[in-house]
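Okay, so here's the structure we're looking at.
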Amino acid sequence: MAEPSTVAVAAVPSVLGIGAASLIPGVDLNAVIGAWAGALFFVIWASDLAGWARLGYLFVSWVGGYYVAAELMGRAVTQYSGLPALLAAALIVTVLISVAEWVKGGKMPGWISTVIGFARHVLGRPDSGGSNNG
């Protein structure tokens, strides 16, 4: 569980950020609050991070969650933005970190292999390992 000081430090920006967002016309407050909740969940869950890293990840998660929700709403994938923002904010930093480590020369993350395999299956393309003919 997170230390009480971490939660207190996170509470101040949340009140200020959500309050400031409510004053800007056109901002989707459902997405702001959902993204904040997802970002806060990620930061509290990742207890091994340093303080500045937590604040950085909190900001990236919050902004990323909001933009993913806005994109899903714009494409009419969902009618409400709160839950997509929460889920995106909770996952986006993990996804970005794994891709960054892969680009730096590490192993391809397992979730990317799974997505590629699923896409090949859906599109009806066989794996590159040969023919499916019996």
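The values are calculated or read from the model by the stated rules, or taken from the named source; none is laboratory data. Computed from a predicted structure; not experimentally measured. Cβ placement follows ideal geometry from the backbone for every residue including glycine, while neighbour counts extend to all protein chains displayed. Keep in mind that these areas ignore ligands, DNA and RNA; they rest on the heavy atoms of the full protein, side chains included. Shrake-Rupley method; radii C 1.70, N 1.55, O 1.52, S 1.80 Å.
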Label-point separation, Arg120 to Gln79 (7 Å along Cα→Cβ), nm: 3.9
Using only protein heavy atoms and a 1.4 Å probe, report how much of Phe118 is accessible, in Å² to the nearest 10. 130
